[in-house]
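Notes to accompany the following structure.
The values are calculated or read from the model by the stated rules, or taken from the named source; none is laboratory data. Note that the structure is a prediction, hence the values are computed from the model and not measured. Using ideal geometry, Cβ is built from the backbone for each residue, glycine included, and neighbour counts are taken over all protein chains shown.
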Amino acid sequence: MSLTRRILLAGLAALPLSLPVSLSPALAETPASRIVSIGGGVTEIVFALGQQHRLVARDTTSTYPPEAELLPDVGYIRRLSPEGVLSVQPDLILTDEGAGPPETVELLENAGIPFREVPQGFDRAAILAKIHRVGEVLGVSAEAEALAEEVAADLDAAMAQAGAMDKRVLFIISMQGGRVMASGTGTAADGIINMVGAQNAVSEYPGYKTLTDEAITRAAPDVILMMSRNGEHTSTTEMLLANPAIATTPAGQAEAFVTMDGMYMLGFSVRTADAVRDLARALRDSGTALNQGG
Amino acid sequence: MNAPLTHAPAAAEADEHLSGRNIRLGLRGKQILDSVDFTARPGEVTAIVGPNGSGKTTLLRCLTGEIAGQCAPGSTIRMGALDVTRAEPWLLAQRRAVLAQATSLAFPFTVLEVVRLGAEGAGGAARARQALAQVDLGHYAERYYQELSGGEQQRVQLARVLAQLDAPRGHHGPRWLFLDEPVSALDIGHQLQVMEIARAFARNGGGVVAVMHDLNLTAMFAQEVVLLNQGRVLGAGAPAEVLTDRLLETAYGCRLRIGVAPRDGLFLLPQTAEQGN
Amino acid sequence: MVALPHPEAPALEHGDRRRRARQLRLVLAGVLLVTVLLSLAVGAAGTSLWQSLAAVLRGEAIPLSDSIVLWQIRAPRTLMGMGVGAALAVSGALMQGLFRNPLADPGIVGVSAGAGLGAITAIVLGAFLPLGLLTALGFYLVPLAAFLGSWLSTILLYRVATRSGRTSVAVMLLAGIALGALTGAASGVMVYIADDNQLRDLTFWGMGSLAGATWPKVLTGMAVILPALCAAPLLARGLNALSLGEAAAYHLGIRIQRVKNLAILAVAAATGAAVAMSGGIGFVGIVVPHLLRLVSGPDHRELLPNAALLGAALLLVADIISRVVIAPAELPIGIVTAILGGPFFLWILLRQRGVLDL
């Protein structure tokens, strides 16, 4: 016990002096080479910029491209463990908005590891802003500029191709216990529905809420959109049809159900143009035959 | 500490009595005890008898201090110099111990551990063992309490109560043993044994107050009997004065005859066991 | 695992298990020391406690990153694990003694429900606080709200169950169930208005974690937990007597109302602080006292200190598991304790069925 105390006391004595200066002076000069990328969209951009050799770890949502999954996983963005992050000896943390808990963020900042947030957003401009921000943080602004132009052109083309649809889309995030939790406005789902030129069937509230049966009927969606879970499309269809309210909607009657990989559809990153194309096609075709994107 | 003690080193004999005056207690508008006067002397076994619902146990709970605070104003209960209605529990615990009709136990204590709940501090273990031997359960010390029969559990509780008091007299004067139907769960052999323990406690200078259902045992062991009926004292005094045909008939509502053997049929009296000893 | 001591086992010295309990305390202290060292030595970062120790003993400076890992991460976390584990286990033992029921836990006095409601409210409505207040409170907001919530609910229950100076534990138990339902509903409302991120925070809070350990947080929490732990042994005699029932305890000279007041106060403080620091961590409060009663008897004079030691050691072990299993990420510790505690608890119940009236 006394040994432990000695080391703790020694540490305590050393800290107040050493912490504020810490490792940061060195970092300011040399570009970060041990980066932890947190957030699936951010990681995709790092890979698209060809900077993946600088990554040492990722978060749980960073599953694309498949090579990303080879990196150690430091956990969920809002529940980062300080020692877990420190263990990969990072010199930069590049993260989506909302990394936490605040204790971990503060500790890592105290340890002299810069925290760089990438702004969130669910539209074309937000995607481009993310790319610029990642490029800026990684010191590859020129490449980011080129990537952003490429992505912008791709997005414009995809959105133009999607055009406008008079389909009302209901995005259901979960149906736990038969309760339908659906997206209102201001969400990633709302963003992608707008980008493909369709209408969100629910515009009365922001965020995700549980819908009553009557609200579902009144929303009268033409298509129901969900995130896919390992290709369980049949069971999803059965689950949706089992809900009497959904069965009465146009979507239910036509079995117009579309599922798509969540990160692909809602990541708002470099793959979004493809997602827009796939989703637009799936929405147009829905009701005539079962479709699955992603 | 507002010690309701008025220390008189050479206390007169009357100062050693347990006495209640004008005890009145109502619960939810119902008068349970009505102007009860009660006196018990050290060196004696005092029995409280009476029909079900006559207030025996309530009186006992007043005398032990447990519900003394709820008595109506004007009720006084004194244990020697100690005002029972206001005494701190630990002061009372030094002077009296209480054996309830039934005691449940929450955790798996062994028999010896239960007895030691009453006997703490130095010499506690020895006192506990001695008390267990007194109730004939010395060989059960290591058993779990919950494994024993109801009668055995009751005797363990008696041992705990005896261990709490250590000796029948302390430097404050006599100690008091309160027993609420101590023998109702016991076979006749152990009934006699328990009553003998009570008598020995009294003979050694302590006081015993027992709620009794068995009038034969009462007649055998009590020097003083208090007969309650509907919350009032119907009679108090020596057994021969209180256990009379007239009073018992009034109290219990049936014709009873004292000292008369039935004309036919078997009967058995505990008195015969004592004579055989 | 641990066998129920047979009544006639020779190890029972004269039917008195206190000697065994005292030996057990030495063993537990040793185990705790080992787990503390392990907790300081084990972690994703691979920082070696031994090398750092050796360096300090040689008078050399240890690298800054090692110093941060040891001093800013593992040390407060270890202390928090000890404090939370001891608080939960001792609170469980106190509640079980007070309610005379081996299945009681601090949840009964509404601490957990209140803390949960406080935390959930802070997570969801924290954003509506004035910005100045929000930044001033910083990451203390949720723990503080959890602590306040646990206190308010305990006080409420206590007032409901106390009439003319006497607290009815039965009424408190029933009122606790009603309050649990009420706070459950209120939490439901909060969940309804929560956004996506807040929902995730709620879920994780409910699973518990020691990951947020920082010195200020741990020291603040310990300032509340330690006095409660120190007060616990004062209750041992009273709780022992209470196992015979309230009347018998009174006859033995116990001031029952004072025991109740102190026990509830200690539990509300210790559990409130523990839950505030670490979120919901289940089973420690039930499993630890139960296990100790099986091994060395229910005497609270031994049970309470032993529960503090075993609770601390157990939570550290659970925490070590939680941070190495999927390193560098970590498992919420509430999941680990539930996975360890759930089956164990069932096993106890199966063993004791029919033996003792629970």
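Condition check ((1) in a helix (DSSP H, G or I); (2) away from chain A (no Cβ under 14 Å); (3) more than 18 Å from C:Val218 (Cα to Cα)) across all residues:
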site	(1), (2), (3)
C:Gly43	no, no, yes
C:Asp66	yes, no, yes
C:Ala75	yes, no, no
C:Thr78	yes, no, no
C:Val84	yes, yes, no
C:Ala87	yes, yes, no
C:Ser91	yes, yes, yes
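In a helix (DSSP H, G or I) and at pLDDT 90 or above, is that true of C:Ala55? For C:Ala55, the condition - in a helix (DSSP H, G or I) and at pLDDT 90 or above - is not met. Tell me, which residue of the stretch B:24-66 that is within 14 Å of chain C (Cβ to nearest Cβ) and in a loop (DSSP other than H, G, I, E, B) is nearest to B:Trp176 (Cα to Cα)? Among them, the one singled out is B:Thr64.
The helices (runs of 4 or more DSSP H) located wholly in the stretch A:190-294 that include 2 or more residues which are within 25 Å of the chain's Cα centre (by Cα) and at pLDDT 95 or above occupy A:272-285.
Contact annotation: residue pairs with Cβ atoms under 6 Å, 6 or more positions apart or on different chains, pairing a residue in the stretch A:74-98 that is at the interface with chain C (Cβ under 9 Å from one of its Cβ atoms) and over 20 Å from A:Leu138 (Cα atoms) with a partner that is among the hydroxyl-bearing types (Ser, Thr, Tyr) and surrounded by fewer than 24 Cβ atoms within 10 Å (Cβ to Cβ), are A:Tyr76/A:Thr60. Screening the stretch C:151-208 for residues that are in contact (Cβ under 8 Å) with a residue 12 or more places away in the chain, surrounded by fewer than 18 Cβ atoms within 10 Å (Cβ to Cβ) and within 14 Å of chain A (Cβ to nearest Cβ) and picking the one that is farthest from the chain's Cα centre (by Cα) gives C:Ile193. I'd like to know if the stretch C:329-350 contains one or more residues that are outside any helix (DSSP H, G or I), away from chain A (no Cβ under 14 Å), under 19 Å from the mean Cα position of the chain (by Cα) and crowded, with 24+ Cβ neighbours inside 10 Å. No, that holds for no residue. Selection over the stretch C:274-287 of residues that are assigned to a helix (DSSP H, G or I) and under 10 Å from the mean Cα position of the chain (by Cα) gives a count of 6. Close Cβ contacts (under 8 Å, 6 or more residues apart or on different chains) running from residues in the stretch B:79-95 that are closer than 18 Å to B:Ala167 by Cβ to residues that are among the acidic types (Asp, Glu) comprise B:Gly80/B:Asp15; B:Gly80/B:Glu16.
For the stretch C:242-262, name all the residues that are assigned to a helix (DSSP H, G or I) and within 14 Å of chain B (Cβ to nearest Cβ). Once the filter is applied, which keeps residues that are assigned to a helix (DSSP H, G or I) and within 14 Å of chain B (Cβ to nearest Cβ), the stretch C:242-262 yields C:Leu242, C:Glu246, C:Ala247, C:Ala248, C:Ala249, C:Tyr250, C:His251, C:Ile256, C:Gln257, C:Arg258, C:Val259, C:Lys260.
Among the candidates A:Ser2, A:Ser22, A:Ser18, A:Ser37, the residue that is away from chain C (no Cβ under 11 Å) and either more than 28 Å from A:Gly98 (Cβ to Cβ) or at pLDDT below 95 (or both) is uniquely A:Ser2. Scanning the stretch C:303-328 for residues that are within 13 Å of chain A (Cβ to nearest Cβ) and either touching a Lys or Arg at 6+ places or on another chain (Cβ under 8 Å) or of a type in the set (A, V, I, L, M) (or both) yields C:Asp319, C:Ile320, C:Val324, C:Val325, C:Ile326, C:Ala327.
When A:Gln51 is tested against the conditions (1) away from every other protein chain (no Cβ under 11 Å); (2) free of Cβ contacts under 8 Å to residues at least 40 places away in the same chain, the lone failure is (2).
Return yes or no: is B:Gln101 within 14 Å of chain C (Cβ to nearest Cβ) and more than 22 Å from B:Val233 (Cβ to Cβ)? When the stated conditions are applied, B:Gln101 does not pass them. Among the residues of the stretch B:151-167, those that are free of Cβ contacts under 8 Å to residues at least 40 places away in the same chain and surrounded by fewer than 24 Cβ atoms within 10 Å (Cβ to Cβ) comprise B:Gly151, B:Glu152, B:Ala167. Scanning the stretch A:163-189 for residues that are at pLDDT below 90 and either farther than 17 Å from A:Asp213 by Cβ or among the β-branched types (Val, Ile, Thr) (or both) yields a total of 6. In the stretch B:109-126, the residues that are charged (D, E, K, R) reach residues that are at pLDDT 90 or above with C-beta atoms within less than 6 angstrom, at least six apart or across chains, in these pairs: B:Arg116/B:Ala128. Checking B:Ala97, B:Ala102, B:Ala87, B:Ala72 one by one, the residue that is crowded, with 17+ Cβ neighbours inside 10 Å, among the aliphatic types (A, V, I, L, M) and in a loop (DSSP other than H, G, I, E, B) is B:Ala87 and no other.
I'd like to verify a number: residues in the stretch C:209-239 that are in a loop (DSSP other than H, G, I, E, B) and hydroxyl-bearing (Ser, Thr, Tyr), how many? Total meeting the criteria: 2.
All conditions in (1) buried (at least 24 other Cβ atoms within 10 Å of the Cβ); (2) among the aromatic types (Phe, Trp, Tyr); (3) more than 21 Å from C:Arg100 (Cβ to Cβ); (4) in contact with an Asp or Glu (Cβ under 9 Å, 6 or more places away or on another chain) hold for B:Tyr140, with the sole exception of (1). Please tell me if B:Gly69 is modelled with pLDDT under 95 and away from chain C (no Cβ under 11 Å). Spelling it out, it is not the case that B:Gly69 is modelled with pLDDT under 95 and away from chain C (no Cβ under 11 Å).
The rows are residues; the columns are (1) of a type in the set (A, V, I, L, M, F, W, C); (2) in contact with a strand residue (DSSP E or B) (Cβ under 8 Å, 6 or more places away or on another chain); (3) farther than 21 Å from C:Ala270 by Cβ.
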{"residue": "C:Leu148", "(1), (2), (3)": "yes, no, no"}
{"residue": "C:Thr154", "(1), (2), (3)": "no, no, no"}
{"residue": "C:Arg163", "(1), (2), (3)": "no, no, yes"}
{"residue": "C:Val171", "(1), (2), (3)": "yes, no, yes"}
{"residue": "C:Ala181", "(1), (2), (3)": "yes, no, yes"}
{"residue": "C:Gly184", "(1), (2), (3)": "no, no, yes"}
{"residue": "C:Gly188", "(1), (2), (3)": "no, no, yes"}
{"residue": "C:Asp196", "(1), (2), (3)": "no, yes, yes"}
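Inside the stretch A:58-87, can you point out the residues that are more than 14 Å from the chain's Cα centre (by Cα), in a loop (DSSP other than H, G, I, E, B) and surrounded by fewer than 20 Cβ atoms within 10 Å (Cβ to Cβ)? Answer for the stretch A:58-87, where residues must be more than 14 Å from the chain's Cα centre (by Cα), in a loop (DSSP other than H, G, I, E, B) and surrounded by fewer than 20 Cβ atoms within 10 Å (Cβ to Cβ): A:Leu71, A:Pro72. If you go through the stretch C:122-143 one residue at a time, do you hit one that is more than 14 Å from the chain's Cα centre (by Cα), part of a helix (DSSP H, G or I), modelled with pLDDT of 85 or more and away from chain A (no Cβ under 13 Å)? Looking through the stretch C:122-143, none of the residues is more than 14 Å from the chain's Cα centre (by Cα), part of a helix (DSSP H, G or I), modelled with pLDDT of 85 or more and away from chain A (no Cβ under 13 Å).
Scanning the stretch A:89-122 for residues that are under 15 Å from the mean Cα position of the chain (by Cα) and either assigned to a strand (DSSP E or B) or crowded, with 16+ Cβ neighbours inside 10 Å (or both) yields A:Leu94, A:Thr95, A:Asp96, A:Ala99, A:Glu117, A:Val118, A:Gly121, A:Phe122.
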